[in-house]
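Heads up: the structure comes next, in structure tokens.
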Amino acid sequence: MMAPSDRVLLVDDEANLLAGLRRTLGQKFSVATALGGAEALDLIARDGPFAVVVSDMRMPGMDGLELLARLREVAPDTVRMMLTGNADQKTAVDAINAGAIFRFFTKPCSMQTLDEGITAAVRQHRLVTAERCLLEGTLTGAIGLLTDVLSLVAPETFERSLRLRGWARQVGAQMGLKSAWDLDMAAGLVHLGMIGVPPEVVARRRAGQKLSDVEEDMLDTVPQTGADLVRKIPRLEAVADGIACQGKWFNGMGLPADGRDGADIPLIGRILHALLALDETGGGHVTREALAVFDRHPGRFDPMVVAAIRAVLTVSAPLSTAHFAHLEVAARAVMAGDLLETDLQLEGGRLVLAAGQIISDAVYLRLQNLQRMYRFAEPIRVRRVVSGR
């Protein structure tokens, strides 16, 4: 049984052929047609994605090879097939190499063969998308667990990670990054290596106190420690590389001392390096003085990254509150999903969770346990999603 999402697009320059295929195959599949490659790309952009695209080879304007190659870029999960009367070996090889096709059919082709091929392609599409969803869900869960650990072990550090993640999303969108997801994860985990640094060392650093050589060495290893932890998760190699290069200058100075400079440094690392400097200089606020850090150190920052930061972080945009309620509640009334608008502290002033953190299920469980032993400073200001508004 085909699902509504298992849609098939047939592409040819012969309208009568398309009409016949649509009548026959439409009894089993959800079929759309396009007269030529340009019309197919327009339809995909407007009404895609499709599970399967079956294209003719020789068409005026854009041929099947070019269409399938471009489709591979704009809709990589779509299963691509070719139906053509031009059955020479070179055409088949080019189609496989350029378009990464799933099946190659020659005209005339029986309806049974075409039906079986499309059925197999739909099944392949389901497998590909299911694997991707499973992978993304697994990675998201693993990342959530790591950030929960960071928030519990080093709440002050986690506060900075939340801020950097918000900035990174804006900068990534401004730069049109294809790796926006990788950048988002790297910004959220950029301080993960701090879990190995004693809290008193972190506190002295935040206070601007002089650190010993041993303590400075601890902090120097934070990027590599975080990168090593992230690298243990499959498919996060680019995230790990970016975290490792967060201290790397655009001119090649800084750690890691690997001889890379300029564009050879991972872009994620260049973005993190600039945002960390902005955060450090401005104390978490984007001010004119903080932005001046980019002018004081020639060769330190990627000019392209700096331009993107200046474009999106110079003016603060208020957050829409249309679907949120701002509440002051007791500790026992804090709920999973709430966003802390103020620090959550014990009565003695000890910080438990930093403002800006969303209460996950794991953090909520920890708070319940802490309430059995300690008293919290109340009230606690939270932002809560309001349903039905």
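No value in this document is a laboratory result; all are computed from the given coordinates. All values reported here derive from a predicted model rather than from experimental measurement. Backbone-built Cβ (ideal geometry, glycine too); neighbour counts: all protein chains shown.
Amide H neighbours of Met59 under 5 Å, at least 5 residues apart or on other chains, H built in the peptide plane: list them.
Under 5 Å from the amide H of Met59: Gly64.
With θ set to phi - 60° and the Karplus curve 6.51 cos²θ - 1.76 cosθ + 1.60, what are the ³J(HN,Hα) couplings of segment 204-215 in order, to the nearest whole Hz, using x for Gly and Pro?
So the Karplus estimates, Gly and Pro as x, are 5, 5, 4, 7, x, 7, 6, 9, 6, 4, 5, 5 Hz.
Just rank Val74, Val8, fewest to most, by other beta-carbon atoms within 10 angstrom.
Fewest to most other Cβ atoms nearby, the residues stand as Val74, Val8.
Quick check on segment 324-385: what does the Kirkwood estimate of hydrodynamic radius come out to from the alpha carbon pairs, in Å?
The Cα-based Kirkwood calculation yields 11.3 Å.
Can you sort Lys248, Lys107, Lys210 by how many other beta carbons sit within 10 Å, fewest first?
Going from sparsest to densest Cβ surroundings: Lys210, Lys107, Lys248.
When the C-alpha atoms of segment 156-313 are aligned to their principal axes, what extent does each axis show, in angstrom, from largest down?
If we take the Cα atoms of segment 156-313, the spans are 40, 39, 30 Å.
When Lys and Arg each count +1 and Asp and Glu each count -1, what net charge do the other residues less than 14 Å away from Phe29, Cβ to Cβ, add up to?
+3
Once you have the Cα-Cα distance between Arg123 and Arg58, take 0.36 nm times their residue separation minus that, and quote the gain in nm to one decimal.
Taking 0.36 nm per residue and subtracting the Cα distance, the gain is 20.7 nm.
Gly252's amide H: which non-local residues (gap 5+, or another chain) put their own amide H closer than 5 Å, with H modeled 1.01 Å from N in plane and none for Pro or chain starts?
Gly262
How would Leu65, Leu17 line up from fewest to most surrounding beta-carbon atoms within 10 angstrom?
So the ranking, lowest neighbour count to highest, is Leu17, Leu65.
How large is Rg/Rh for segment 7-129, to two decimals, with Cα atoms and a Kirkwood Rh?
Computed over Cα atoms, the ratio is 0.91.
May I ask which of Lys107/Lys178; Lys210/Lys248; Lys210/Lys232 have a Cα-Cα span longer than 28 Å here?
Violating the 28 Å limit, Cα to Cα: Lys107/Lys178; Lys210/Lys232.
Around Thr287, with a cut-off of 15 angstrom between Cβ atoms, what is the net charge of the other residues, counting Lys and Arg +1 and Asp and Glu -1?
Once positives and negatives cancel, what remains is 0.
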